Every structure is written in structure tokens, then in C-alpha cells.
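*Asks:* First the structure, which I've put down as C-alpha cells, then a few questions once you've had a look.
The values are calculated or read from the model by the stated rules, or taken from the named source; none is laboratory data. Everything numeric in this text was worked out from a predicted model, so none of it was measured. As a convention, Cβ positions derive from the backbone with ideal geometry for all residues, glycine included, and neighbour counts pool all protein chains shown.
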């Protein structure tokens, strides 16, 4: 499976951009999966639901299934967070996996940058950033800079540079 990542500060628009890129690539006939890193305790389950009760009772894994989808929740119970490679191994085969976050992992990625965030760019310090999607120019950039609203160009860049 080929992978390509998107990294940037919170509020830069990574999720919005990835959603648009997914739509574009799927429209071209690709099977696309995503892997998102969360920096906080997150939960896809809710108190009072049976699956939540199972996890809270101590189940190490809970698999929820319906005729529409299935989801597997795995409790780490103090174990270290799995590596990106381990997580990719859990996905079904796809043409392309788009990764949101994991900015310290060694895979090709595009920085999503918004000047209004007031945060410094990541690309000068990260050699795995091979492109920038931005709402502002970076004349000093040593990698291609694409307009943040040029979804076609960003999708093509991700597809062409995935490894």
C-alpha cells in the first residue's frame, strides 16, 4: 500500500483538505483509506451503549458490527501506542492511505499551512515534508507550494508522491 501524509498545526484545515482530496481520488477510481492520529483521549463510543459497557467492564477488544459497517476498538491498557507501520498493517488493502498527523513519522507528507494560525511553518525543520498546501506564498521554500484551494493539484501531488 502506498501512503501519503498531511501534517500541520491544529486549525490549518487538514481534515477539510483531506476530505476533498479523498473525494477527488475516489472519483478517479482509487480505493482510499485514511489513518488519523489523535493527540488526546478520544472515544468513538458513548456511555450507556453496550459496547461502551463491554470496554468499561475490561474487554481488551470490542468489535461492533451491523449490516452497514463494523468497528474494532482495542484498549491499549498502558501498552505503548502502535507504530505507524503496525497500524498500516491493520488496514485492508487500498490503492492509497492518506495519513493525517504522525508528523514525526518517516513518510512523504505535505504541510497544510494557514498564515492566520500565526504558527511557524513545519517544513524548514522536517525533511519528510515534500510539498506545502498554503494560503500564502513561501518564496524561500525548497519544496513545491500549492494553493490550498487547488484540490486537483494537491490530490495529484499526493497520488504521484505516495510511497
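*Asks:* Could you list all residues from the range 131-163 that are surrounded by fewer than 19 Cβ atoms within 10 Å (Cβ to Cβ), touching a helix residue (DSSP H, G or I) at 6+ places or on another chain (Cβ under 7 Å) and either part of a strand (DSSP E or B) or without any contact (Cβ under 8 Å) to a residue 12 or more places away in the chain (or both)?
*Replies:* Answer for the range 131-163, where residues must be surrounded by fewer than 19 Cβ atoms within 10 Å (Cβ to Cβ), touching a helix residue (DSSP H, G or I) at 6+ places or on another chain (Cβ under 7 Å) and either part of a strand (DSSP E or B) or without any contact (Cβ under 8 Å) to a residue 12 or more places away in the chain (or both): just 146.
*Asks:* Assess whether residue 152 counts as being modelled with pLDDT of 95 or more, out of contact with any strand residue (DSSP E or B) (no Cβ under 9 Å at 6 or more places or on another chain) and more than 30 Å from residue 70 (Cα to Cα).
*Replies:* So residue 152 passes the test.
*Asks:* Among 122, 72, which is the only one that is crowded, with 16+ Cβ neighbours inside 10 Å and either modelled with pLDDT under 95 or over 16 Å from residue 163 (Cβ atoms) (or both)?
*Replies:* Going through 122, 72 in turn, the sole match is 122.
*Asks:* May I pose another question? As an exercise: evaluate residue 105 against (1) surrounded by 18 or more Cβ atoms within 10 Å (Cβ to Cβ); (2) under 27 Å from residue 150 (Cβ atoms); (3) within 15 Å of the chain's Cα centre (by Cα) and give the number of the one condition it does not meet.
*Replies:* It is condition (1) that residue 105 fails.
*Asks:* Here's another thing I want to ask about it. Give the residues of the range 27-45 that are more than 16 Å from residue 72 (Cβ to Cβ) and at pLDDT below 80, sorted by residue number.
*Replies:* Across the range 27-45, the qualifying residues are 39, 40, 41.
*Asks:* Something else about it: Among the residues of the range 38-55, is any under 17 Å from residue 101 (Cα atoms), more than 11 Å from the chain's Cα centre (by Cα) and surrounded by 15 or more Cβ atoms within 10 Å (Cβ to Cβ)?
*Replies:* There is no residue in the range 38-55 that is under 17 Å from residue 101 (Cα atoms), more than 11 Å from the chain's Cα centre (by Cα) and surrounded by 15 or more Cβ atoms within 10 Å (Cβ to Cβ).
*Asks:* Let me ask something additional. Could you tell me which residue of the range 75-84 is nearest to residue 102 (Cα to Cα), considering only residues that are within 20 Å of the chain's Cα centre (by Cα) and surrounded by 10 or more Cβ atoms within 10 Å (Cβ to Cβ)?
*Replies:* That would be 84.
*Asks:* Keeping to the range 85-107, report how many residues are in contact with a strand residue (DSSP E or B) (Cβ under 7 Å, 6 or more places away or on another chain) and under 20 Å from residue 41 (Cβ atoms).
*Replies:* Counting residues in the range 85-107 that are in contact with a strand residue (DSSP E or B) (Cβ under 7 Å, 6 or more places away or on another chain) and under 20 Å from residue 41 (Cβ atoms) gives 5.
*Asks:* Has the range 3-19 got at least one residue that is out of contact with any strand residue (DSSP E or B) (no Cβ under 6 Å at 6 or more places or on another chain), crowded, with 18+ Cβ neighbours inside 10 Å, more than 16 Å from residue 133 (Cβ to Cβ) and in contact (Cβ under 8 Å) with a residue 24 or more places away in the chain?
*Replies:* No, that holds for no residue.
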